[in-house]
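*Asks:* The structure's right below; bear with me while I get my questions together.
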Amino acid sequence: MLDKLKESIMKGMANMMKQAQKLQSKMLKMQDELADQTVEGSAGGGMVKVVATGKQQIKSIELEKEVVDPEDVDMLQDMIVAAVNDALNKSQEMVSGEMSKLTGGLNIPGLM
């Protein structure tokens, strides 16, 4: 009886390892795919637009000419920071959403 229990535990552990390897492989593939996906953040009613990737890297910043006022550089700086933060938040949400699909909604520490 003890031998059957050990055998059952070993089979269960082997199955868990296979599942973990499959999950890891899917995660790596997803990370590669997310690196190519982009989101756009904005500020000032779209006067400042920032594009970020799923790897939280900024790809571009677009400024409308009207927002560039040499007399009010502080406002422009604030809008750029707000747009970057908006883009990075959207990128993180995109990654979390994809990760949740992959893990079936389980919150696995260290994955996000």
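The values are calculated or read from the model by the stated rules, or taken from the named source; none is laboratory data. Since the structure is predicted, the reported quantities are computational estimates derived from the model, not experimental observations. With ideal geometry, Cβ positions are generated from the backbone for all residues, glycine too; neighbour counts draw on all protein chains shown.
*Asks:* Could we say that residue 25 is over 30 Å from the mean Cα position of the chain (by Cα) and in a helix (DSSP H, G or I) here?
*Replies:* no
*Asks:* Say we look at the stretch 40-72 and pick out the residues that are acidic (Asp, Glu) and surrounded by 12 or more Cβ atoms within 10 Å (Cβ to Cβ); which of these is farthest from residue 90 (Cα to Cα)?
*Replies:* 64
*Asks:* Of all residues in the stretch 47-74, which are in contact with a Gly (Cβ under 8 Å, 6 or more places away or on another chain) and modelled with pLDDT under 95?
*Replies:* 67 - this is the single residue of the stretch 47-74 that is in contact with a Gly (Cβ under 8 Å, 6 or more places away or on another chain) and modelled with pLDDT under 95.
*Asks:* Can you find a residue in the stretch 1-21 that is more than 22 Å from residue 91 (Cβ to Cβ) and in a loop (DSSP other than H, G, I, E, B)?
*Replies:* yes
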